[in-house]
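Asker: What follows is a single structure, and I will ask about it in a moment.
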Number of protein chains: 2
Amino acid sequence: MSTTLPPSVELREVGPRDGLQVEEPKSVEERMGLVRALAAAGFSAIEVGSFVSPKAVPAMAQSAEVVQACKELGGFRVVGVALNGRGATDAVAAGVDEITAGVSASEGYSQSNTNMSIEQALVHVEKMCEVGRDGGVAVDLMISCAFGSPYEGEIAPSEVAKVVQLARDAGATTISLADTTGMATPRGIGELLEEVGTDVGMHFHETRGTGLANVYASLLGGVTRFDASVGGLGGSPFAKGAAGNVATEGVVNLLDDLGVDTGVDLVRLLDAATLLHDLVGHDLPSPVFKAGPRIAA
Amino acid sequence: MSTTLPPSVELREVGPRDGLQVEEPKSVEERMGLVRALAAAGFSAIEVGSFVSPKAVPAMAQSAEVVQACKELGGFRVVGVALNGRGATDAVAAGVDEITAGVSASEGYSQSNTNMSIEQALVHVEKMCEVGRDGGVAVDLMISCAFGSPYEGEIAPSEVAKVVQLARDAGATTISLADTTGMATPRGIGELLEEVGTDVGMHFHETRGTGLANVYASLLGGVTRFDASVGGLGGSPFAKGAAGNVATEGVVNLLDDLGVDTGVDLVRLLDAATLLHDLVGHDLPSPVFKAGPRIAA
């Protein structure tokens, strides 16, 4: 761990996918309203949809139309989730710039939530990477339960590193590590970074209130890619007690103060959060959305 | 800033005062039920009452009886809040081991909330320290708005350091720094510690979700005393948008994982939080209370 911070990081905004997928379905135009507000705030990457069965995740139906509208809008990397080769093919056909694929570091979580072993899931990853390569589309592989699992408890960093290596072998362009159940801590982050290096994205949740502590520890560890969700929405419906993603407003409020450039304008981001609040019609679990920036603009 | 953490810290549990003072008044026996549960969890210092006008803070009436019951219980430092010489005299008479006194680093906050300048407030501090000295009771001086103020915005660390020095000159036994309005960040903490040294307690709020990030940054900076509030209750009724104190369960969950000894048993602490939940009859803003420890015992 260092005591210096990186000069800049890339935030990948996942609200239109990770946030909205747990809400009542919204129209393409409503979803694009949120995406436009986020693009105006300066994000260079936005996860906008999911190429999965609309029966399983009704709120992510019509993601191809959302991606198409995003490509017309332009100005940011358009990211879509896929779970298998068919989803990846649909995502590429829709025009995404990047696919988020997934595999778990936890055998128990993999079995419970996908009815597949990690090994079986990696076969799908390989297929998705092949589809991505053929279509000239990057594949970011999100490793769930990278900091622990409700099934096995602690997962040794060396075990996670094995999955990272298998994912790289399968052709993943980049790797992200997800704290699916809020078990990440600065200790675990430090130990994992020693095994896998700093060229990973981090995807944190607020299940145990550690989101910003973990972002800070990751920055000190040299990480420069983070996911965050406007308004703090999201969270796996499969992880017991899982709370939302770390709120993007909180991350930007912190990083602005630390002098770490995110490229994101906090005031415009809060405008997007207000739009999201009106769209979903309920409270958002985002302290900075409620309290405002620490120093008003 | 260092990259090593202290082996142990002292947590001062402030829930029975800072938490309960914003709730509907509870009986002495109800308040003692919470204190007993906290003492059983292992705290060496508990702030249990406030020696202020019961008209101003009805929930803190009968604090002398609470202190008396705590002394009979024994096993921890009994802490009470006072705002002036009369309150300090009452606190000493009731038998507290430590008085928490206060002054603000923000002239605007001091004027708005106490109708006194910082200079005038320091006269009261001097009086309280005199009362404490005469009674053989320690006085911890809590400096509010130490990390910024909604009135002046940033407050220069050198200005805060001046107030710290005046408080030491006035006879304060120890100093604590309060993030009254959630403006503390790891940057501000580092800058302030350079000015005032590490022999300070930290009192953080979750107004902008930074509580645990700030605890972690303070630990890296060498701080070994922290306030926290069971269930995350509390928060100044005078600070716009202020959310509760950092939840003790979250701090212990984090520090257990970091290998920093708190002397507090997390499972018993969660029992105390459950008792508090039943006592106040509403949701508690504490992620770890909802999600449980990261690894179940």
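Asker: How shielded is B:181-191 by partner chains, expressed as the average number of their Cβ atoms within 10 Å of its Cβ atoms?
Answerer: 4
Asker: Still on this structure, please answer the following. Using a 7 Å offset from Cα along the direction of the beta-carbon, what are the separations from A:Gly259 to the same position in each other copy, nm, ascending?
Answerer: Nearest first, the other copies' label points are 3.1 nm away.
Asker: Which residue, chosen from A:Leu193, A:Gly42, A:Gly222, occupies the Cα position most advanced towards the positive end of the dipole of chain A, where the dipole is computed from +1 (Lys, Arg) and -1 (Asp, Glu) charges on Cβ about the Cα centre?
Answerer: A:Gly42
Asker: Quick one: the Cα spread of the protein assembly as shown along its three principal axes, in angstroms, biggest first?
Answerer: In descending order, the Cα extents are 82, 46, 41 Å.
Asker: Pop out the Kirkwood hydrodynamic radius of segment A:249-297 from its pairwise C-alpha distances, inverse of mean 1/r, in Å to one decimal.
Answerer: 11.2
Asker: Show log10 I(q)/I(0) for segment A:187-267 at q = 0.22, 0.27 Å⁻¹, two decimals, from a solvent-free Debye sum over equal Cα scatterers.
Answerer: Values, matching the q order: -1.07, -1.35.
Asker: What does the charge count near B:Thr185 come to, summing +1 for each Lys or Arg and -1 for each Asp or Glu among other residues with Cβ under 12 Å from its Cβ?
Answerer: Local net charge: -2.
Asker: Other chains near B:284-296: what is the mean number of their Cβ atoms within 10 Å of each residue's Cβ?
Answerer: 5
Asker: Let me ask another. Looking at segment A:98-249, what % of its DSSP beta bridges pair antiparallel, to the nearest 5?
Answerer: 10
Asker: Residue farthest toward the positive end of the dipole of segment B:1-103, with Cβ of Lys/Arg at +1 and Asp/Glu at -1: which of B:Gly74, B:Leu5, B:Gly95?
Answerer: Result: B:Gly95.
Asker: Looking down the axis that turns A into B, which residue of A has the closest beta carbon, and how many Å out?
Answerer: A:Ala213, 2
Asker: In debye, nearest 20, what is the charge dipole magnitude of chain A about its Cα centre with +1 on Lys and Arg Cβ and -1 on Asp and Glu Cβ, if you could check?
Answerer: Roughly 240 debye, rounded to the nearest 20.
Asker: Okay, next question. Please report B:Arg208, B:Arg86 as a ranked list, fewest other C-beta atoms within 10 angstrom at the top and most at the bottom.
Answerer: Fewest to most other Cβ atoms nearby, the residues stand as B:Arg86, B:Arg208.
Asker: Something else now. If you put a point 7 Å past Cα along the Cβ direction, how far is that point for B:Asn115 from the same point in each other copy, in nm, smallest first?
Answerer: From this label point to the equivalent ones elsewhere in the assembly: 7.2 nm.
Asker: Here's something else I'd like to know. Stokes-Einstein diffusion coefficient for segment A:76-168 at 20 °C in a medium of 1.002 mPa s, Rh from the Kirkwood formula over Cα pairs: what value in µm²/s?
Answerer: After rounding, the answer is 160 µm²/s.
Asker: Using just the alpha carbons, could you tell me how many Å³ per residue the convex hull of segment B:10-291 encloses?
Answerer: 109
Asker: Please pull out the direction-averaged projected area of segment B:1-156, using the convex hull of its alpha-carbon atoms, in nm² to one decimal place.
Answerer: Mean projected area for segment B:1-156: 10.8 nm², to one decimal.
Asker: Considering amide H positions built from the backbone, and no H for Pro or chain starts, which residues 5 or more places from A:Phe51, or on another chain, come under 5 Å of its amide H?
Answerer: Excluding prolines and chain starts, which carry no amide H, the hits are A:Val81, A:Ala82.
Asker: Within 10 Å of each residue's Cβ, count the other Cβ atoms and sort A:Glu206, A:Glu191 from fewest upward.
Answerer: By the 10 Å Cβ count, ascending, the order reads A:Glu191, A:Glu206.
Asker: I've got another one for you. Ordered shortest first, which distances in nm separate the 7 Å Cα→C-beta label point of A:Glu130 from those of the other copies?
Answerer: Label-point separations across copies, in nm and ascending: 8.6.
Asker: Further question: Hey, got the average number of other protein chain Cβ atoms within 10 angstrom for residues in A:211-220?
Answerer: Average per residue, whole number: 5.
Asker: Could I ask something else about it? Could you sort the peptides A:136-147, A:260-271 by per-residue average Cβ neighbour count (10 Å cutoff), highest mean leading?
Answerer: Those peptides, ordered most packed to least, come out A:136-147, A:260-271.
Asker: How many percent of all Cα-Cα pairs in segment B:116-170 sit more than 18 Å apart?
Answerer: Pairs farther apart than 18 Å: 37 percent.
Asker: Here's another thing I want to ask about it. So which lysines pass the test for B:Lys26, namely a Cα distance under 27 Å, with those fewer than 8 places away in the same chain ruled out?
Answerer: Answer for B:Lys26, where 27 Å is the Cα cut-off: B:Lys55, B:Lys71, B:Lys240, B:Lys290, listed by chain and number.
Asker: Starting with the fewest neighbours, write out B:His277, B:His282 ranked by other beta-carbon atoms found within 10 Å of each beta-carbon.
Answerer: In order of increasing Cβ crowding within 10 Å: B:His282, B:His277.
Asker: Oh, and also: Take the alpha carbon atoms of segment B:142-297, find their radius of gyration, then divide it by 2.2 N^0.38 Å using N residues; give the quotient.
Answerer: 1.06
Asker: Right, something else. Is there a quick way to get the dipole size of the protein assembly as shown? I mean about its Cα centre, with the Cβ of Lys and Arg at +1 and of Asp and Glu at -1; what is the value in debye to the nearest 20?
Answerer: About 460 debye.
Asker: What is the sum of charges, Lys and Arg at +1 and Asp and Glu at -1, for the other residues whose Cβ falls under 11 Å from the Cβ of B:Cys70?
Answerer: For residues surrounding B:Cys70, the net value is 0.
Asker: Within a Cβ distance under 11 Å of A:Ala41, other residues only, what is the Lys/Arg minus Asp/Glu net charge?
Answerer: Taking every other residue near A:Ala41 into account, the sum is -2.
Any read-out appearing in this document is the output of simple, stated calculations on the displayed coordinates, not a laboratory observation. Small disclaimer: the values here were computed from a predicted structure and weren't measured. Cβ: placed from backbone, ideal geometry, glycine included. Neighbour counts: every protein chain shown.
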